[in-house]
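Novice: Dropping a structure here in C-alpha cells format, bear with me for questions.
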Amino acid sequence: MEAKSELLVRERALVTPGDVIARGMEYLPGPGTYRENGELKSKVLGLVRLKERLVTVVSLSGVYVPKPGDGIIGKISDMSATFWIVDLNSPYDALLNISEAVPEFVEHGTDISVYYDIGDVIYVKVLSVSRTKNVSLTMNDYRAKKLLGGRLLTVTATKVPRVIGREGSMIELIKKYTGCLITVGQNGVIWVKGPNEDLAARTVHLIEREAHIEGLTERVTEFLENETKGKPAAQQLQEGD
C-alpha cells in the first residue's frame, strides 16, 4: 500500500542540504530538490517554494537578502487596490503600500496603475523586514523614482561594492567613457541608459567576473580606453558632431 503523501515544511521555510521536505509521491521535485527512498529532500541551503504540487528550494548562496535602508531596483510584478508587489531579484516577497508610494491622499477605488503599473522599474528603499522575511518598501527617499527606458543588468549582489568602487569611482569611470546614466541597486540590479549601453553592460560584467583580481580599476580603465580609443563620451559626441 502506497504511503500517504505528507508535506513536512511550510512555504518559505529555511532548509539545509538533506532535509526532508515531503514524503510520498504526490509532491514533485523541482530545482534545488531531489527524491530519495520516497522522500523529497533539499539539495541546498535555501527557502522552500510551493507551486501546486511542485516543490523547489531557492538557494541562499549569493542571493540578495533585503535589509532595512537598502536602496534597490525592483520591477512591479503584480498589484492590488492598495499595494504593489515588487520583484527584488531575491527569494523574498516585497510589498509597496500606496501610503509609502504616493505622497498625496488617494481616494478609495482609484486605479493605482496611474502611479505604477506592472512592468514598471523603480528605484526604491527597503523600509522594513519582518522576522518571517516579509519585506516592505518605501518611495519616501530622495533617490526613489521610476526608471524610464534603458536596460537592466544583473550581477551577484555581493559584487555590488566592486561595481560601485571606492566613493563611486568605478561607476564614474564607466559613465565617463560611455555617457550613460547608471543607477546601482544593492540587490545586484543595475539600470543603464544612454548612448553606449552595450559597452556599459560589458564593463559591468567584466567587473563582476574579475572582482577578485588586484588592479581592477586599471584593468577596467584599459578596457574602456581600448574600446573608445581613449576618448571620453563627451569627446566622442563632439567629434560625432
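The values are calculated or read from the model by the stated rules, or taken from the named source; none is laboratory data. Fair warning: this is a prediction, and the values are worked out from it, not measured in the lab. As a convention, Cβ positions derive from the backbone with ideal geometry for all residues, glycine included, and neighbour counts pool all protein chains shown.
Novice: Out of all the residues in the stretch 196-205, is one or more part of a loop (DSSP other than H, G, I, E, B) and either at pLDDT 95 or above or crowded, with 18+ Cβ neighbours inside 10 Å (or both)?
Specialist: At the first step, the residues of the stretch 196-205 found to be part of a loop (DSSP other than H, G, I, E, B) are 196.
Okay, now just the ones that are also either at pLDDT 95 or above or crowded, with 18+ Cβ neighbours inside 10 Å (or both), so 196.
There is at least one residue in the stretch 196-205 that is part of a loop (DSSP other than H, G, I, E, B) and either at pLDDT 95 or above or crowded, with 18+ Cβ neighbours inside 10 Å (or both).
Novice: Give me a count of the residues in the stretch 108-135 that are more than 13 Å from I98 (Cα to Cα) and among the aromatic types (F, W, Y).
Specialist: Selection size over the stretch 108-135: 1.
Novice: Could you tell me whether the stretch 165-175 includes any residue that is basic (K, R), part of a helix (DSSP H, G or I) and modelled with pLDDT of 95 or more? Talk me through it step by step, then tell me what you get.
Specialist: If we filter the stretch 165-175 for residues that are basic (K, R), which is where we start, we get 166, 175.
Keeping just the survivors that are part of a helix (DSSP H, G or I) gives 166, 175.
Now narrow it down to the ones that are modelled with pLDDT of 95 or more: 175.
Yes, the conditions are met somewhere in the stretch 165-175.
Novice: Among the residues that make up the stretch 57-69, is at least one of them in a loop (DSSP other than H, G, I, E, B), among the small types (G, A, S) and at pLDDT below 95?
Specialist: Filtering the stretch 57-69 down to residues in a loop (DSSP other than H, G, I, E, B) leaves 60-69.
Right, trim to among the small types (G, A, S) and you get 61-62, 69.
Checking which are at pLDDT below 95 leaves us with 61-62.
There is at least one residue in the stretch 57-69 that is in a loop (DSSP other than H, G, I, E, B), among the small types (G, A, S) and at pLDDT below 95.
Novice: Still on this structure: Going by the structure shown, is V86 farther than 22 Å from T154 by Cα and either β-branched (V, I, T) or surrounded by 14 or more Cβ atoms within 10 Å (Cβ to Cβ) (or both)? Can you show your working first?
Specialist: Details: farther than 22 Å from T154 by Cα: no; either β-branched (V, I, T) or surrounded by 14 or more Cβ atoms within 10 Å (Cβ to Cβ) (or both): yes.
In short, no.
Novice: Among (1) over 29 Å from M139 (Cα atoms); (2) of a type outside the set (F, W, Y); (3) modelled with pLDDT of 90 or more, there is one condition S77 misses while meeting the rest; what is its number?
Specialist: Only one criterion in (1) over 29 Å from M139 (Cα atoms); (2) of a type outside the set (F, W, Y); (3) modelled with pLDDT of 90 or more is unmet by S77, namely (1).
Novice: Also, I was wondering about something else. Sort out which residues of the stretch 129-144 are more than 16 Å from the chain's Cα centre (by Cα), surrounded by 13 or more Cβ atoms within 10 Å (Cβ to Cβ) and either more than 13 Å from L95 (Cβ to Cβ) or small (G, A, S) (or both), and write them in order of number.
Specialist: Across the stretch 129-144, the qualifying residues are N140, D141.
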